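Note sheet for the following structure.
Each reported figure results from applying straightforward, stated rules to the coordinates on display, with no laboratory input. Not measured: the values here are computed from a predicted model. With ideal geometry, Cβ positions are generated from the backbone for all residues, glycine too; neighbour counts draw on all protein chains shown.
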Amino acid sequence: MNISMLLDMAAEGFGDRVVVGRADDGLTAARLRELAAGGAGLIRAAEADAIVYLAVNGPALPAALFAAALAGVPLVPVNYRLGDTQLDALLANHPRALGIADPAHDAALRRAGLPVLSPAEWLDRAAGQTDPRADADPVVPGAPAVLIYTSGTTAAPKGVVLRHHNLVSYVLGTVEFAGAGPDEAALVSVPPYHIAAVSNVLTNLYAGRRAVTLEQFTPEGWLDLVRRQRITNAMVVPTMLARIMDTAGLDRSVPSLRALAYGGARMPVRVVETALRAWPHVDFVNAYGLTETSSTITVLGPLEHRTAVASDDPAVRARLGSAGLPVPGVELEVRDPSGAVAAPGESGQIWVRGEQVSGEYAGGGSAVDERGFFHTRDRGRLDHDGYLHIEGRADDTIIRGAENIAPAEIEDVLLGHPDVLDAVVVGLPDEEWGQRIEAVVVLRDGVSVDPETLRAQVRATLRGSKTPERITRWPELPRTPTGKLIRRDIVEALTAGNRTGAGA
C-alpha cells in the first residue's frame, strides 16, 4: 500500500473537511489531493528523482510528501540548522532533486545547482499543474517514500530509508480511519526533518484530524495557539513541556486540549508530574520511537499516567518514567552482552522487529539481523509486566573501571532535586579509571545549590562509584530542536575547560 492511498481514503471519506492549517483557510482533504497530483506533475516535468525540503513546517510539507509519493520519488526533509559544510555534503547525494526552500535557506540548494521553489511557489504552481501520468501504475509499497537524515548528535548524519510499507504499517497499526471528530485539531511543534513531523502528517490525516503547525516554539506562543485554534491534541518534546511548566507568570489554561503526546527525548518525571497536576483533564501519552522504526514503537497511555502519579507504591510510580508497552505489530527484545535475551529487570540493548521497522540506511543497506530485529542502540530493560524503561544510548554508557554506568540513572537523581531544571551526565577520559563521571546542571533562576549537596544526593540514592566527581552549572544545555542532548558538545566543552563555571 502506497501512502498516497491514505490520502485517497481521506479525500473520499471526508473530502470537505479541513485537514491542514487553520480552521478558516486551511486545506481540505480533497484540496490536498489536488495539490499532490499537481505537485507530482511538477516533479515529473523537472525529471527529478527526489524532493529536497529545506524549509520550516507548514502546508507545503504534506503537499510535497504526497506529491513525491504519487511521482514515485522520495521526500528528503533536510535540517536547515546544519552548517554549510554539512548541508553541502548532504545535498551532494541528491544532484537531480527538485528543491523546496525558504528564502532564508535556499542558498545551499542553489550552490548545489538544484532548481528551487519557495513553499508558496510550490503550492501555487502545484495548484495550476496537471499530471500527464496521473493514471500511471501506482508506486509499489517497497519503494522509498521518505529519506530522513538522523540528527547526528553523536556522529555524522545517516540517511534513513523509510519505504511505503513501513509508514503504512505504522499508520494502520496505531490509528483508526476517520476516528477523529470534526472539531478535533492537532498542534505539531516539531521541525519537518524529524520523523514525528512525517508521521503526524499521515496519522492526523488518516484519522481526519486537522493539523496545525507552530513554526517557532515559545511557551507563550504555544499556549496562545492552543487556545485560538481550539487545539484538542498536541505533541511536544520534553524541553517544550518543561518550559511551559517552569516559565513563571504564564496563563496555562488550555480548556480545549484533550490529549498531549510527548517524546523525542527522556522526560524528567518532575516535569510530567507537574503537567499532570496542572492539566488533570488532559490524557498524557509517552511515545518512544526512532526514525528507523517509522516513529512510535512503545506507548505509555493516559490511564497508566494517572495511576502512577496517584500511587504511593514505588513500583507503580516508577512506571511514569517508562516508555510503556509495544504498539501492535512490534516485538521488543532486550539483549545482554552475549546476545541472549535478558531476564525481566535486567539491563541490556534494545532490539525491535515489525513491518514498520526499516532499519535501512542509504548507501549502507539493511541493518537488521538474521531474525529481522533492528538494534536501536538504546539501552534499557523490560520490567516484569513488559514495560520498557529506557536508560539512554548505548554509546553514552560510561565505563568506569570494569563497571558500565548508565548516565540516565544519575541524571534522574539530579533531576529529583527541586531546583534542578535540567541535567546531563557524561564520561570524560581518566588515566586511573578509564572514564570519570562529570555532570552539568541547569538550575532555577535566582537559586544556588552547593555541588556537594547534589553529590551527596546521588551517593545516598545510588552509590559512591556512580557519584559525579564534579558538578558544574551552565545556563542551558545544548540540545537539538527535538530535545535531544548533543553530548559530544558537552564532552568537548568540559574536556577543554571552556564552560567549567564555578560549580552548581
Residues whose built amide H sits under 5 Å from the amide H of D430, excluding neighbours closer than 5 in sequence, are Q435, R436
With bins of 10 Å, the percent of all Cα-Cα pairs of the range 388-483 per bin from 0 is 16, 49, 30, 5
The residues F177, F284, F14, sorted from fewest to most surrounding Cβ atoms within 10 Å, come out as F177, F14, F284
Listed with the fewest Cβ neighbours within 10 Å leading, E184, E273 appear as E273, E184
If one compares the long axis through the Cα atoms of helix 451-461 with the longest principal axis of the Cα atoms of the chain, the angle in degrees, nearest 10, works out at 90
Here, GluC sites (Glu not before Pro) of the range 1-106 satisfying both criteria (DSSP loop; at most 12 other Cβ within 10 Å) are E47
Residue separation between D489 and E469 times 0.36 nm, minus their alpha-carbon distance, gives in nm 5.3 nm
Taking every other residue with Cβ under 13 Å from the Cβ of R266 and scoring Lys and Arg +1, Asp and Glu -1, one gets -1
Rounded to the nearest 10, the angle in degrees between the Cα long axis of helix 60-71 and the longest principal axis of the Cα atoms of the chain comes to 60
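Would you mind getting me the FRET efficiency between R227 and S338? Use the beta-carbon distance for r and R0 = 41 Å, nearest 0.05.
Working from the Cβ atoms, E equals 0.15.
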Taking alpha-carbon centroids only, the range 333-350 lies from the range 352-411 a number of Å equal to 10
Once K158 and E121 are pulled to full extension, the length gained, defined as 0.36 nm per residue separation minus their Cα-Cα distance, is 10.4 nm
When V442, V458 are arranged by how many other beta-carbons sit within 10 Å of their Cβ, fewest first, they go V442, V458
Per DSSP, the loop-located trypsin sites (Lys or Arg not before Pro) within the range 314-400 having at most 15 other beta carbons within 10 Å are R371
Total charge of the residues flanking V449 in space, meaning their Cβ is under 10 Å from its Cβ, with Lys and Arg +1 and Asp and Glu -1, is -1
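List the chymotrypsin sites (Phe, Trp or Tyr not before Pro) within the range 328-382 that DSSP assigns to loop and that have no more than 16 neighbouring Cβ atoms inside 10 Å. Intermediate results must be reported in sequence, preceding the final value.
Working: sites: W351, Y361, F373, F374; in loops: F373.
In loop regions of the range 328-382 (DSSP not H, G, I, E or B), there are no sparsely surrounded chymotrypsin sites (Phe, Trp or Tyr not before Pro).
Per-residue ellipticity at 222 nm for the chain, helices alone: DSSP H runs ≥ 4 residues times -39500 (n - 2.57), over residue total, nearest 500 deg cm²/dmol?
Helix contribution divided over all residues of the chain: -9000 deg cm²/dmol.
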Measuring from the longest principal axis of the C-alpha atoms of the chain, the long axis of helix 269-278 (C-alpha) lies at a number of degrees, nearest 10, equal to 60
Once both label points are put 7 Å beyond Cα along the C-beta direction, the A315-D102 separation in nm becomes 5.0
Among beta bridges assigned by DSSP with both residues in the chain, the antiparallel ones amount in percent, to the nearest 5, to 60
Going residue by residue through the range 418-435, the Karplus relation 6.51 cos²θ - 1.76 cosθ + 1.60 with θ = phi - 60° gives ³J(HN,Hα) values, rounded to whole Hz and with x marking Gly or Pro, of x, 9, 9, 8, 8, 7, 9, 10, 9, x, 10, x, 9, 5, 7, 9, x, 9
Rounded to whole angstrom, the alpha-carbon centroid of the range 44-65 lies from that of the range 242-314 at a distance of 32
Here the net charge surrounding Q356, from other residues whose Cβ is less than 14 Å away from its Cβ (Lys, Arg +1; Asp, Glu -1), is -2
